[in-house]
Structure formats: structure tokens, C-alpha cells
Amino acid sequence: MGNKASSRLQRRWNFWGYLFILPNFLGFVAFMLVPIIMALVFSFTNYDIISRMDFIGIENYINLFQDDQFIVSLLNTLWYSVLTVPIGVVLALLLAVMFNRQIRGIAIFRTFVFIPVITSMVAVSLVWSMLYEDNSGLLNIVLNSLGLPSVHWLTDTNLAMISIAIMSIWKGLGYNMTIFLAGLQGVPGELYEAATIDGANSPQKFWHITVPMIGPTTYFVSLMALIGSLQTFDQINIMTQGGPVDATKTLSFYLYQYGFSYYKMGYACAAAYVLFLLVFVVSMIQNISSKKWADLT
Amino acid sequence: MAQIHTVHKKKSAGFIVRRVLLYLLLIIIAVVMLVPFLWMVSTSLKEQYDAVKIPPVWVPIPPRWQNYVDLFTQQPMLQFMLNTIKIVFFVVLGQLFFSSLAAYSFARIKFQGRTVMFFFYIATLMVPGQVTMIPTYLMFAKVGFTDTHWALILPAFFSAFGVFLLRQFFMSLPKELEEAAEIDGCNPFTTYWRIMLPLIVPAMLTLGVFTLMNTWNDYMGPLIYLSTPEKYTMTLGIAYFKGIYTTQWNLVMAGSVLSVIPILIAYLCAQKYFVEGIAFSGVKG
């Protein structure tokens, strides 16, 4: 009897549960699961929309790694990550610590740091393209007025990626800072009070309380920043189109070109899966190392 | 006694010096953060050649408002705005509805297979958009939805992030509410719609503004799908201005200002929810 009632209850739960999920799940299947599988299938074909769709095994993947442009894009992407992630995360943490105190007018300064976050990467890239102009750009005008020579921000092959990285750090600071601020709320104030009584100074408190206490937040912020940096596209497409001489060509830009300029869809899907694998490996490494780190502390 | 007094005084002098240094640092940060925006506004009000003049024109006097008028008369700027508003409106509404339904189910209805399904949702949070981009494009091309706003609206209804965010909030509500509703004769849908949904309004606002910001600022989606300028969104529109007004920074910047102002106003009105959305995207780990 009781069994029957509970199975009737389970049926009722199933009915309503599936009914509620259904619309979302259909969309999830159509725009997430199916495309993920289709991309994998396409990556083993020479699909180009117009004529062909033959299975060619792992040829796309072999061709990718024999293409100098792809290798350059891969290295550029990693270089961009190296440039943006550590500096971006450390600066955001320092800002969060600075902003995490009750002094007059602090809220307005926090808002200023947040404005680039809500602005589109397109608008930000357009202004910075202008700031970075060789002759009339504000940055070079300021440098010249200080008696320094002009810098070829976006036209020097060695500098272009660094310039884009500087802009991207500037834009992302407020985002990372906000997550750090949320993390800092979780650090008990008594720890700082106890340290103050023991005569600790600010840098000591930062290193011995703040840094260990917000370890998980730091890992998370770094992971998100790293995953984001591997997918950089908007600023590249607006500011440099991958130039000068492929110096700023990223993986995303590369696969966008192959997919939507050359219509080599199969090949572009293979590139997308390499990107996916990269993101996956990075997440796993971070995950394992963060567990190790948590065990140590 | 006197000694204590001097010690105290010394401390407060040091305190003042530190405060002054702190504010100085804050002002430097503010300048670094704001100068690009001020330069954007200033350039948008300049004559074409003043925009690239050396030494620079810091403040254009008189301001050339005509730049803004030109965008509306020479370019479909108004259309860009309406397109963006339309897309954002449908995406936010659709995402709130579909996400909250699924989130409620995941949080409160003990149907079979719930854990497995939820695991799939969470797992896809890690998949880069570039992976699904090409197959989704090809699907829309098959049904003739490329170069329509539907290609941007439909997929955005379904977000694993939205489901995850709202689920957390539903889980925090007390169970007694539903039991009482059930006794009063509510079915699960009326319970969800009349009792639970009003209670998670703050979470809905958080997801709403987060979605609004991401949709408003999206570039890659419109870039891939839209080819007719009359269908462009604001972000795609201003990127397109850069192409056609190669040397006319004043017009490009006027367009940029117009694209930033609405989202800035939204932010100033709902600052709390913007910040919560960002902070939440940071705790999902």
C-alpha cells in the first residue's frame, strides 16, 4: 500500500519535473548537445558547405599541426594568456584589498573601475585603437610631450600583442576585483583584529591572512581569466585583424577565418576542438593543483 | 600622560599621511579608468580633422553635436538601436522564463534522472562557444534563419548558467511554503508561478541584468549571423562604422558613446544586481 502510494508520488514528480524541464531541455539539446557532437563529427570531414562532405579521419588535425599559421595562433594565444592572467589577477586582488575598506567616497571609485566591465569590448577596442594610433594617438602625444619617442603600439610585431593585453587587463580589472571583493567578505574580521593585537603590519596581514584565506577565490578567478583568455576574439577582430604579420592572430580568430571567410567548416571545427581540449586540460590542471594546494594549507 | 599623548598624536599624523596617499592612489586609478571614456566623448564632439590634430584638442569648443545627427541621418543608427533593444528584450524575457522553470524543477521536484541531467548542464558550462558556433550556424542556415534576429534570440533562451544561478536561489527557500501551497490545492505550476517565483525576484533581476549586459555587448553572434546593415545591432554597427568612416574618428566615437550610454544608465539604476551577477559568476566553482 505504502509502496503503491510512493510510486504514485514518484510518477507525479516525474510528470511535473519533466514538464518543467522540457522547454529548456529541448533548447539545451538543440543548441548545446547536438552542436557539440556535430562539431566533433564535422572535424573528421572536409565539409565546406558548397560541395563536399567526406570522412577524412584525422587529416584535419594533422593538417592543423602542420600549418605554421595554426602553430603561430596557438603560441600567440598562450602568449596572450601569459601576459594577461597573472598581472590581471594580482592587480585585481590588490585593488580589491584596497577597496575593501570603509572610507569616504570609496564606492564612487569602485564604480569607476567597474565601468569598463559593463562596456562592450567593441566600444573599448575602438577607443583604444584611437589611443594607440601611431601619430595622433593620445598615448604617443603624452609620451612625446614628456620628451620620449613614439611607440608603435599596434604596428610593431613585438608590441602589438602586449598593447592588446594592456587594454584587456584594464577592461577586466573590475570584473575580477568584484569576485575578489565577494571572497574577501568571507574572511573573518577577527583574524585581522588578532593580528593587529599581535603587532602585524599591513603587508604581513596581507601575506599571512588575506592570501591564504582567499586561495579558492584566487584559483577560481585565475581559471576563469585563463579560459577567457584562450578564447580572445573581439579585440583582435576590431583592432588588428590578427596583424601585423600574424603577430596577434589568436586561435579564435584563426578558426573564425577558416569557418566564416574560407568556409572550411570541417577544418574550423577541428580547430575548435583543439581549443576545447586546451580549455579542458587547463581546467583539469588547475583543478588538481588547487586540490593539492588545499591539502597543503 | 604627556608621553601617551604624543604617541597618539604621532599615530594620527601617520594616519593622515597614509590617507592622503591612499586618496592620491585612488585618483590615479580613477584617471586611468576614465580617460579613455572622456576621450571617447570629447572626440565624438570634434570636427573630423580636430580628432587627429597635434597638439590635441582636449575640449572641443563649440562642440559639434552634428556628429550625432549625422549618424541618424546618414546611417541606420536608430534601426541599430531598435534591433538591439528588440533582441535584448526577447532574450532576457525568454531566458528568465525558461531558466526559472528548469531551475525550479532541478531544485525542488524529485524526478528520476535529475542528478544526471543536472550534471550535463553543469558540464557544458566549460565548453567554449567556438565549439557550438559552427554547427549552430549551419543549422540556422538550413532553415533560412541566418541574417535574421531569430538566430541570435533563440539559442540565448537556454542558458546553463541561468539555470544554475536560479536553482541556487530556489534551494535556499523554505520547504514549508510548497507544502502549504499543496494543501491549499495548488499544483506544482501554480506553486511555482504564484508563490516561488515572486520570492526569487532579486535573483531574477540579477540574472536579468547579467543577460542584458551580455546580450547588449555581444559581438561575435551578430558578426556571424547578420549581413544586412539594417539588421545590425549597436555593437556590430559601431564596428561597421570603423570600416566605412576609416579616418572619421569623431563619428565612430559618437556611435560608441551612443552604444555605451544605455548600458551605463542601466548599470547606475541597478548597480547592486550587476555586481551580484558578476560575484555569482565567481562562486559557481
Given the condition of a type outside the set (Asp, Glu), at pLDDT 90 or above and surrounded by fewer than 22 Cβ atoms within 10 Å (Cβ to Cβ), answer yes or no: does some residue in segment A:286-295 qualify? no
Quick check on segment B:35-58: of everything there that is β-branched (Val, Ile, Thr) and within 28 Å of B:Asn217 (Cα to Cα), which residue is nearest to the other protein chains (Cβ to nearest Cβ)? B:Val52
I'm told A:Thr196 meets every condition in (1) surrounded by fewer than 13 Cβ atoms within 10 Å (Cβ to Cβ); (2) not in a helix (DSSP H, G or I) except one. Can you identify the failing condition by its number? (2)
Condition broken by B:Thr84, with the remaining ones in (1) touching a Ser or Thr at 6+ places or on another chain (Cβ under 6 Å); (2) modelled with pLDDT under 95; (3) of a type outside the set (A, V, I, L, M, F, W, C) satisfied: (2)
Can you tell me which of B:Pro36, B:Pro62 is over 30 Å from A:Val29 (Cα atoms) and modelled with pLDDT of 95 or more? B:Pro36
Residues of segment B:146-167 being more than 25 Å from A:Phe253 (Cβ to Cβ), touching a residue at least 40 places away in the same chain (Cβ under 8 Å) and more than 19 Å from the chain's Cα centre (by Cα), in sequence order, are B:Thr148, B:Arg167
Given (1) more than 30 Å from A:Ile162 (Cβ to Cβ); (2) more than 8 Å from every other protein chain (Cβ to nearest Cβ); (3) touching a Phe, Trp or Tyr at 6+ places or on another chain (Cβ under 6 Å), A:Asn14 misses just (2)
Subset of segment B:46-62, residues farther than 18 Å from B:Thr246 by Cα and either in contact (Cβ under 8 Å) with a residue 24 or more places away in the chain or out of contact with any helix residue (DSSP H, G or I) (no Cβ under 9 Å at 6 or more places or on another chain) (or both), comes to B:Ile61, B:Pro62
Listing of helices (runs of 4 or more DSSP H) fully contained in segment A:209-260 that carry 2 or more residues being within 7 Å of another protein chain (Cβ to nearest Cβ) and of a type outside the set (A, V, I, L, M, F, W, C): A:251-260
Could you check segment B:134-152 and list, in sequence order, the residues that are part of a helix (DSSP H, G or I), in contact with a Phe, Trp or Tyr (Cβ under 9 Å, 6 or more places away or on another chain) and surrounded by fewer than 17 Cβ atoms within 10 Å (Cβ to Cβ)? B:Trp150
Which ones in segment B:112-128 are more than 7 Å from chain A (Cβ to nearest Cβ) and within 21 Å of the chain's Cα centre (by Cα)? B:Leu125
Residue among B:Phe111, B:Phe106 that is in a loop (DSSP other than H, G, I, E, B), in the same structural domain as B:Phe169 (by TED's automatic domain parsing) and under 30 Å from B:Thr206 (Cβ atoms): B:Phe111
Could you list, in sequence order, the residues of segment B:185-206 that are polar (S, T, N, Q) and part of a helix (DSSP H, G or I)? B:Thr190, B:Thr191, B:Thr206
Name the single residue that is farthest from the other protein chains (Cβ to nearest Cβ) among those in segment B:63-75 being closer than 26 Å to B:Lys231 by Cα and in contact (Cβ under 8 Å) with a residue 40 or more places away in the chain. B:Asp70
Looking at segment A:181-193, which of its residues are assigned to a helix (DSSP H, G or I) and either within 25 Å of A:Asn287 (Cα to Cα) or in contact with a helix residue (DSSP H, G or I) (Cβ under 7 Å, 6 or more places away or on another chain) (or both)? A:Leu181, A:Ala182, A:Gly183, A:Leu184, A:Gln185, A:Leu191, A:Tyr192
A:Leu146 vs (1) more than 11 Å from chain B (Cβ to nearest Cβ); (2) surrounded by 18 or more Cβ atoms within 10 Å (Cβ to Cβ); (3) within 28 Å of B:Ala51 (Cβ to Cβ): all pass except (2)
Right, B:Leu101: touching a residue at least 40 places away in the same chain (Cβ under 8 Å), within 14 Å of A:Phe20 (Cα to Cα) and of a type in the set (A, V, I, L, M, F, W, C) or not? yes
Inspect segment A:100-110 for any residue being basic (Lys, Arg), more than 8 Å from every other protein chain (Cβ to nearest Cβ) and surrounded by 18 or more Cβ atoms within 10 Å (Cβ to Cβ) and give the result as yes or no. yes
For A:Asn158, which of the numbered conditions (1) away from every other protein chain (no Cβ under 14 Å); (2) part of a helix (DSSP H, G or I); (3) polar (S, T, N, Q) fails to hold? (2)
For segment B:269-283, does any single residue satisfy the condition of being within 10 Å of another protein chain (Cβ to nearest Cβ), within 21 Å of B:Phe90 (Cα to Cα) and in a helix (DSSP H, G or I)? yes
Among (1) within 16 Å of the chain's Cα centre (by Cα); (2) within 10 Å of chain B (Cβ to nearest Cβ); (3) crowded, with 24+ Cβ neighbours inside 10 Å; (4) farther than 24 Å from A:Phe180 by Cα, where does A:Phe276 come up short? (3)
Taking segment A:17-64 and the residues there that are without any contact (Cβ under 8 Å) to a residue 40 or more places away in the chain and among the polar types (S, T, N, Q), the one that is nearest to the other protein chains (Cβ to nearest Cβ) would be A:Asn24
Somewhere in segment B:88-98, is a residue without any contact (Cβ under 8 Å) to a residue 12 or more places away in the chain and away from chain A (no Cβ under 11 Å)? yes
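The values are calculated or read from the model by the stated rules, or taken from the named source; none is laboratory data. Nothing here was measured: the structure is a model prediction, and the numbers come from that model. Cβ atoms come from the backbone with ideal geometry, glycine included; neighbour counts cover every protein chain shown.
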